[in-house]
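Report on one structure; see the data block that follows.
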Amino acid sequence: MGILIAIDGVDASGKQTQTELLQKRLMSEREVRLVSFPMYDNPSSTAVKLYLNGTLGKNPGDVNAYAASAFFAVDRYITYKTDWGADYLSDKIILADRYVSSNMIHQAGKIADLEEKNKFLDWLHDFEYNKFALPKPDITVFLDMPVEYGARLMAQRSNKIDGTKQKDIHESDKEYLRESYENAVYIAKKYGWSRINCVDENGVRSVLDIHNEIYKLVRKFI
């Protein structure tokens, strides 16, 4: 059995950058497979793209947390069965840019009532880890990027689905982004994720500084 490392956070927290840096560094020690969810180039992400491009509703709340979570979970399940699962079972390190934790962050953020939020989280945990039998991460690294900083960084990047400047329904909804961040901080504490503060008294920390802290964390699991 391999090692599964998940790096997660809200939009524009640096997940892709940090997973790519970590892959390069770990490759000198052991074979590493980087996977990024959703897998936009795979047909498994069709429902996800319909959701994010606004076909199913122009606002995130137009699709409830349970339905939206199923779209992302199916993408993970199909690609696990047909692609990266073989690498995981052959004792490789799987480095995930977003994972089940992403559903927890983005979809549970739609639920304001704490009791209902926790019911959803219990359902999601059972759905992805038990019903779909997806592997659980050995460590989940939470990149804590406050939403006001993330919004500035997001304005500079392209849409990951089509490469345009058009934002998806998550990225274009400021209130949704705020709720997702506040929810992420709650969930990171609830599940004991390894939290990396991306901002200090001087502003956003350097990419290398954050990377070095992540490396020290994950090195304990390898």
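With label points built 7 Å along Cα→Cβ from the Cα atoms of Val207 and Asn42, find their separation and express it in nm.
2.6 nm
Relative contact order (percent) for the chain, with alpha-carbon contacts under 8 angstrom and 6 or more residues of separation?
Numbers: 328 pairs, mean separation 72.4, N = 222.
Value for the chain: 33 percent.
Reachable lysines from Lys49, Cα under 21 Å, same-chain residues fewer than 8 places away excluded?
Answer for Lys49, where 21 Å is the Cα cut-off: Lys15, Lys58, Lys81, Lys110, Lys160, Lys165, Lys167, Lys174, listed by chain and number.
Please work out the ratio of the alpha-carbon Rg of region 170-222 to 2.2 N^0.38 Å and round it to two decimals. Could the numbers behind the result be given before it?
Details: Rg = 13.7 Å, N = 53, 2.2 N^0.38 = 9.9 Å.
Cα Rg divided by the expected 2.2 N^0.38 Å: 1.38.
For the chain, what is the convex hull volume of the alpha-carbon atoms per residue, in Å³? Mind dumping the intermediate values first?
On the way: hull volume 26.0 nm³, N = 222.
Cα convex hull per residue, to the nearest whole number: 117 Å³.
For the chain, what does the helix formula give at 222 nm: sum of -39500 (n - 2.57) over DSSP H segments with n ≥ 4, over the residue count, nearest 500 deg cm²/dmol?
Mean residue ellipticity, 222 nm, calculated: -13500 deg cm²/dmol.
With the Cα gyration tensor of region 72-118 in hand, give its eigenvalues times 5 under a square root as the equivalent ellipsoid semi-axes, listed largest first in whole angstrom.
For region 72-118, the semi-axes come out at 29, 11, 8 Å.
With all protein chains present, how much of the accessible area of the chain (probe radius 1.4 Å) comes from carbon and sulfur, to the nearest whole percent? Intermediate results must be reported in sequence, preceding the final value.
On the way: 5300 of 10380 Å².
Answer for the chain: carbon and sulfur cover 51 percent of the accessible area.
Roughly how many debye, to the nearest 20, is the charge dipole of the chain about its Cα centre, given +1 on each Lys and Arg Cβ, -1 on each Asp and Glu Cβ, and no other charges?
The calculated dipole for the chain is roughly 360 debye.
If you split all Cα-Cα distances of region 43-100 into 5 Å bins from zero, what percentages do you get per bin, shortest first?
Values per bin, smallest distances first: 4, 18, 23, 21, 14, 10, 6, 3, 0.
Using the Cα centre of region 66-122 as the reference point, and only Cβ charges (+1 on K/R, -1 on D/E), how large is the resulting charge dipole? Debye, rounded to the nearest 20.
Charge dipole, region 66-122, about its Cα centre: 80 debye, nearest 20.
Taking the convex hull of the Cα atoms, report for region 6-105 its projected area averaged over all directions, in nm².
6.5 nm²
Per residue, how much accessible area does the chain have with a 1.4 Å probe, in Å²?
Normalised by residue count, the accessible surface of the chain is 47 Å².
Please give the peptides 78-86, 103-111 ranked by average Cβ packing (other Cβ atoms within 10 Å per residue), highest first, as a rough proxy for protection.
Result, highest mean Cβ count within 10 Å first: 103-111, 78-86.
The values are calculated or read from the model by the stated rules, or taken from the named source; none is laboratory data. Note that the structure is a prediction, hence the values are computed from the model and not measured. Every residue, glycine among them, receives a Cβ derived from its backbone with ideal geometry; neighbour counts consider all protein chains shown. Ligands, DNA and RNA are excluded from the accessible area calculation, which covers all protein heavy atoms including side chains. Shrake-Rupley method; radii C 1.70, N 1.55, O 1.52, S 1.80 Å.
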